[in-house]
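Asker: Structure incoming, see below.
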Amino acid sequence: MNIPARAIKRLVRLLGPENVLRDELSLALNGYDCSPSRHRPDMVLTVRDAALLRPLVQILSEEKIPFIPRAAATNHAGSCSAPHGGAVLNLNPLCEIFRIDMAHGRAETSPCSVTGDLQKALAPLGFFYAPDPASEKVSTLAGNLAQNASGARCMKYGNTSDNTLWADFITAGGKEFRLSHNAPGPDWLGLTAGSEGTLGLFKRMCVKILPAPPLIKTFLTTFPSLELAVQTVSDLVARGLIPRCVEAMDQTTTRAVEDFTHAGYPADAPALLIIELDGAAGQIRRDAQTLEELCRQNNCQTFTAARTQAQREELWKGRRAAYSAMAALAPNVAVGDGTVPRSQLPRALKQVRQIIDRYGVTASLLFHAGDGNFHPQIVFDGRSKEQTLLVHKALNEILKSCIQCEGTLSGEHGVGVEKRAVMAVQYSRETLRLFQKIKKAFDPHNLANPGKIIPVGFEDRASCCTEQDAAVLSLAREIKNRFLQKRRTAVCGANTRLPKARPQEELSALPLNKILDIDTANYTASAQAGVTVSELIAALKTRNLYAKLPSNYPGTLGGLVAGKVWDDFTSQITGLQAILPDGDIVEYGGKLMKNAAGYNLCRLFTGSVGALGLITKLTFKIYALPQTPQSELKPFARFQPDPLFRAVKKELDPDGLFLSPVFEENE
């Protein structure tokens, strides 16, 4: 694009001439990430002071210049490329760790603090930061949050979003907000996590830090097949054992890694698991016995424990070097990032192997087995158009096979430009339209990392929602009629917490009263929003199962989530269905432990207090052992909608037809 001279003068005045780069070398060095995408920006703006971020974005907004936040650029989806030109924002200098607060378990950092640097700073203090992406030596905290990339410890400790307490966020228009999960209203922090810079950028972060466990024990076990390795992981969960990490590799990966790092992996094993336990010595001793028992039940070939810290570090050195090991085999590596429910892993892996064989490409498979998140790594020569096209087709087929297995095209690497076309396979037309509206609400001029996530021309390719439940369809028709007639609606459930609306405005979710599924293969449950929490707890208890639900809450599951009255449950939601104010039915997630494809609708509707639509169904994690509550039940909080809420509300409900009794402005 043509950058006006006026805009360049304003940028030079703000940043200094040495930080406004337009030479060919700078443009070339900042036009790519770890994906095959290559797009040349029009300028590179280096930011050395976080205080300049907001005025910088304001200038770019006023001048209508697209901008792409960029730090380490370790993502594999083309999220840092510039398909529309514009300005790449080099944020790498913003890498300071401001404060480590051990008393309150938190650390405040600049957006581009390197993940590994924070770990090094915490280790002598006896603390650690739970997310651990394989690229932690170079990847940044804000980059991880923007992709919601979390690494091996996600199964036990949650993803990057779960471990972020608050973040200062700058929208595409240059407005600044402090976002936190527990603030009244929708979970904006959870929504912007995984948004890949398309809604704005992070200026400062506060992350959760945890005391280092008293003991860590790492095991290396091999199996005659990947299927048996995966079954072992399912068996662990069924016994209530949640390891610190469970990583898996196929033989191609193991051999490449062993040749590259000499980590001590048996190169003849068809499948390998690295399983790590942490906690008190007595608990680890008991868990290790259970672990070995289950591994041997599934015909493991070897079961060994790292006896020293040096041996443990060697095992992890090998796992973290998997990408580098494959990169040593060819000029380029294309990395996939599919996630499926744990029970679907054997089927998905079989299909992936068939695709790899059909296309005749060389590929390895490694995955976070506890999360169902796997990374096929295909080596090729990017100088060959034929090879590049072949690999692109193979990866697209792999992503589609994940979706066919009830999964997602991204667990933590994001969508970017590389995978956006497949979004039309994963999501319905109605859900993609909602993504468009969210993007427009945050970024009306399409300036923040444009051309990412939302597929071009999806109206002609995406399918329509195919909901079959009669109660859901009946409510959707009623809401559609009210929308066309411009009649107001006040969503209600058991009315245990909210004041009564006018009878002619009320729309009850109580007909949505089915517990749909209790799945002990994936340890998830699905229920309609009108089911009461006490009914859910009782149904789970009959099967010796548990969820992070409040036993003293008298209302419905939908009310619990829409009111955001129980913080423990927010991170447990893996899937959601809702009816929008225009009657469209939208869906997100499912029986997935990770989903980084698109905007997290679970977090949008958490705390939405019925003003953005009617939640109809929720899918959430369940457990084999009782769960200790970490939060207290809160009342429905009255709040004044902030500009973010107003912008999203305007896009979803332009006539203000969906009311909420907790809005101060409605009183």
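The values are calculated or read from the model by the stated rules, or taken from the named source; none is laboratory data. Here the structure is a predicted model, which is why all the values come from computation and not from measurement. For neighbour counting, all protein chains shown are included, and Cβ atoms are generated from backbone atoms with ideal geometry for every residue, glycine included.
Asker: Kindly establish whether T198 is on the phi < 0 side of the Ramachandran plot and under 17 Å from the mean Cα position of the chain (by Cα).
Answerer: Details: on the phi < 0 side of the Ramachandran plot: yes; under 17 Å from the mean Cα position of the chain (by Cα): yes.
Here the answer is yes, as T198 does meet what is asked.
Asker: Being touching a strand residue (DSSP E or B) at 6+ places or on another chain (Cβ under 8 Å) and farther than 16 Å from L294 by Cβ is the filter here, so list the residues in segment 246-262 that pass it. Quick ask: steps written out before the conclusion?
Answerer: Step one: filter segment 246-262 for residues touching a strand residue (DSSP E or B) at 6+ places or on another chain (Cβ under 8 Å), giving 246-254, 256-257.
Within segment 246-262, E247, M249, D250, Q251, T252, T253, T254, A256, V257 meet the criteria.
Asker: For the list (1) acidic (D, E); (2) within 17 Å of I274 (Cα to Cα); (3) buried (at least 19 other Cβ atoms within 10 Å of the Cβ), I need the number of the one condition that E313 fails.
Answerer: Evaluating E313 over (1) acidic (D, E); (2) within 17 Å of I274 (Cα to Cα); (3) buried (at least 19 other Cβ atoms within 10 Å of the Cβ) leaves (3) as the failure.
Asker: Applying the selection to segment 324-342, what residues are surrounded by fewer than 21 Cβ atoms within 10 Å (Cβ to Cβ) and outside any strand (DSSP E or B)?
Answerer: Once the filter is applied, which keeps residues that are surrounded by fewer than 21 Cβ atoms within 10 Å (Cβ to Cβ) and outside any strand (DSSP E or B), segment 324-342 yields S324, A327, A328, L329, A330, P331.
Asker: Still on this structure, I have one more. Give all pairs with beta carbons closer than 6 Å in which a residue from segment 501-516 that is closer than 16 Å to I579 by Cβ meets a residue that is of a type in the set (D, E) and at pLDDT 85 or above; count only pairs at least 6 apart in sequence or on separate chains.
Answerer: Qualifying pairs under 6 Å: none.
Asker: Mind checking whether some residue in segment 55-72 is touching a Ser or Thr at 6+ places or on another chain (Cβ under 8 Å), of a type in the set (G, A, S) and not assigned by TED's automatic domain parsing to the domain that holds E412?
Answerer: yes
Asker: Can you name the condition, by its number, that F303 falls short on among (1) surrounded by fewer than 21 Cβ atoms within 10 Å (Cβ to Cβ); (2) over 18 Å from T254 (Cβ atoms)?
Answerer: (2)
Asker: Next up: As an exercise: evaluate K649 against (1) crowded, with 23+ Cβ neighbours inside 10 Å; (2) under 24 Å from the mean Cα position of the chain (by Cα); (3) under 28 Å from T171 (Cβ atoms) and give the number of the one condition it does not meet.
Answerer: So K649 meets the others, but not (1).
Asker: Please find, among R307, R312, R319, the residue that is in the same structural domain as T261 (by TED's automatic domain parsing) and either at pLDDT 95 or above or under 26 Å from the mean Cα position of the chain (by Cα) (or both).
Answerer: Working: R307 fails: either at pLDDT 95 or above or under 26 Å from the mean Cα position of the chain (by Cα) (or both); R312 fails: either at pLDDT 95 or above or under 26 Å from the mean Cα position of the chain (by Cα) (or both).
So the residue among R307, R312, R319 that is in the same structural domain as T261 (by TED's automatic domain parsing) and either at pLDDT 95 or above or under 26 Å from the mean Cα position of the chain (by Cα) (or both) is R319.
Asker: Counting only residues that are surrounded by fewer than 24 Cβ atoms within 10 Å (Cβ to Cβ) and either in contact with a His (Cβ under 6 Å, 6 or more places away or on another chain) or not charged (D, E, K, R) (or both), which one in segment 134-150 is farthest from A238 (Cα to Cα)?
Answerer: Narrowing segment 134-150 to residues surrounded by fewer than 24 Cβ atoms within 10 Å (Cβ to Cβ): 134-138.
So of that shortlist, the ones also either in contact with a His (Cβ under 6 Å, 6 or more places away or on another chain) or not charged (D, E, K, R) (or both) come out as 134-135, 138.
Working: A134: 27, S135: 31, V138: 36 Å.
If we take residues in segment 134-150 being surrounded by fewer than 24 Cβ atoms within 10 Å (Cβ to Cβ) and either in contact with a His (Cβ under 6 Å, 6 or more places away or on another chain) or not charged (D, E, K, R) (or both), then V138 is farthest from A238 (Cα to Cα).
Asker: Condition check: touching a Phe, Trp or Tyr at 6+ places or on another chain (Cβ under 7 Å), of a type in the set (A, V, I, L, M, F, W, C) and modelled with pLDDT of 85 or more. Does L618 satisfy that? Spell out the reasoning first.
Answerer: Numbers: touching a Phe, Trp or Tyr at 6+ places or on another chain (Cβ under 7 Å): no; of a type in the set (A, V, I, L, M, F, W, C): yes; modelled with pLDDT of 85 or more: yes.
Considered against the rule, which asks whether it is touching a Phe, Trp or Tyr at 6+ places or on another chain (Cβ under 7 Å), of a type in the set (A, V, I, L, M, F, W, C) and modelled with pLDDT of 85 or more, L618 comes out as no.
Asker: Working only within segment 484-506, note down all residues that are in contact with a Leu (Cβ under 8 Å, 6 or more places away or on another chain) and either modelled with pLDDT of 90 or more or at positive phi (or both).
Answerer: Let us first name the residues in segment 484-506 that are in contact with a Leu (Cβ under 8 Å, 6 or more places away or on another chain), namely 486-494, 501, 505.
Within segment 484-506, K486, R487, R488, T489 meet the criteria.
Asker: Another one. Which one is farthest from R244 (Cα to Cα) among residues in segment 207-224 that are of a type in the set (A, V, I, L, M, F, W, C) and either surrounded by fewer than 20 Cβ atoms within 10 Å (Cβ to Cβ) or more than 25 Å from the chain's Cα centre (by Cα) (or both)? Lay out the reasoning, then the answer.
Answerer: Filtering segment 207-224 for residues of a type in the set (A, V, I, L, M, F, W, C) gives 207, 209-210, 212, 215-216, 219-220, 223.
Now restrict to residues that are either surrounded by fewer than 20 Cβ atoms within 10 Å (Cβ to Cβ) or more than 25 Å from the chain's Cα centre (by Cα) (or both): 210, 212, 215-216, 219-220, 223.
Details: L210: 13, A212: 12, L215: 11, I216: 9, F219: 11, L220: 14, F223: 20 Å.
Checking each candidate, the answer is F223.
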